[in-house]
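Contents: one structure, followed by commentary.
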Amino acid sequence: MNKKLPTINQWKELYKTAIKFQRMECWNWMWDTDLFGVQNPENAKIGYCCIMGGAGEHFALAVYLGSEGLYSYLELQSEKDYPSLDDILSHQNLLMASFEEKSFLQKEDFQVIQKIGLKVNNSHLWPLFRSYQPGYHPWFLTAAEANYLTLCLDQAMEVAIRFKQDPNLLTPRTSNHYLVRVPKKEGTGFTWKDLWIEPLPLAKNEIILKSLDKELLNQINRRHLPHQGTWEADFFYYPRAVQDKGERPYYPYVFFWVDHHSGFILDHHLAKPDQCFIEFQQQFYKIAMNMKTLPQEIFVKKEETYRLIKPIASELKINLRMVKSLKMLDSAKASMVKFLNDEEG
């Protein structure tokens, strides 16, 4: 990922465009369901724009990136219940320009504001820009993100003015098509035109694993460990962000292995998102060797967990079952979250 920071001129252009967008108050006649796309001239990828603020609570432009961002937005919108932390962290893939009380800004925001000499009346909401990626804490923009968000704000105003005159502007003539503003390079700038485009199919998340550790499997098989009991297994986002020096904060995955009958936590482990799948399997080997036993059966409720455990379960003759809920594991998870909340309080 290109981590180059925006220049002063890029910041000036972004803040200037955001304040112009804010003053237009197009959320007075548009809702967050009035989606449209803006194609990024740098990579031809489409961001799907959502103008927020119709309910008078949170004023923003959200740009959901690619088909992944769009379908995550649609999925969260379809949820009947308020989304969980796992839902939010798994799905977020967007850039956002929002307008917040001054207390929401961080020192890095004020440093930029001071450098560009921006004056904001204290009675108004302040522009705030953030990048959201799956598994990561909202973070400051890169130069490329700042450029693209500036274009999206500019095109959002163009679309909003036309939508005010023609409320059917964004109504598709063909199902699952969105109006997309497409750029064409002209001199030092761009000209824009409308195209109705169907989003690319959502690529299925593939779990890429190294080969099974045959030596460890052989060690376990040579010990002829007895099969007894039932385990519950799952992994989910840890509710607190972790930051390595100089890096973007992330939410680790936490693994839980719990005895189905007693609720006893057999093991838990934190892992970076990019190491999650490998370490999840390694933890199973560790538990089996320490306990000197294998389960007769393992219960899981997510397809990803099923696919992780299936190769091991097949090798070790363990029955693997998909179930609707993991009562003991969910109870242990709730206790962990409560402990962390109490500790914060």
Q) On the given criteria, is Lys310 surrounded by 15 or more Cβ atoms within 10 Å (Cβ to Cβ) and of a type in the set (Lys, Arg)? A) no
**Q.** Top-ranked residue in the stretch 23-39 [being touching a residue at least 40 places away in the same chain (Cβ under 8 Å), in a loop (DSSP other than H, G, I, E, B) and under 20 Å from the mean Cα position of the chain (by Cα); ranked as surrounded by the most Cβ atoms within 10 Å (Cβ to Cβ)]
**A.** Leu35
Q: Given the conditions (1) farther than 15 Å from Glu232 by Cβ; (2) surrounded by 14 or more Cβ atoms within 10 Å (Cβ to Cβ); (3) more than 22 Å from the chain's Cα centre (by Cα), report the number of the one that Lys292 does not fulfil.
A: (2)
Q.
Which of the strands (runs of 3 or more DSSP E) found entirely inside the stretch 172-280 contain at least 1 residues meeting this: hydroxyl-bearing (Ser, Thr, Tyr) and in contact with a Cys (Cβ under 9 Å, 6 or more places away or on another chain)?
A. 253-259
Q: Could you please find all residues in the stretch 122-136 being touching a residue at least 60 places away in the same chain (Cβ under 8 Å) and touching a Phe, Trp or Tyr at 6+ places or on another chain (Cβ under 7 Å)?
A: Leu125, Pro127, Gly135, Tyr136
Q | Which listed residue, of Phe280, Phe255, is among the aromatic types (Phe, Trp, Tyr), more than 30 Å from Leu5 (Cβ to Cβ) and either at pLDDT 90 or above or out of contact with any strand residue (DSSP E or B) (no Cβ under 7 Å at 6 or more places or on another chain) (or both) | A | Phe255
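The values are calculated or read from the model by the stated rules, or taken from the named source; none is laboratory data. Since we're looking at a predicted model, the values are computed, not measured. Don't worry about glycine lacking a Cβ; one is built from the backbone with ideal geometry, like all the others, and counts go over all protein chains shown.
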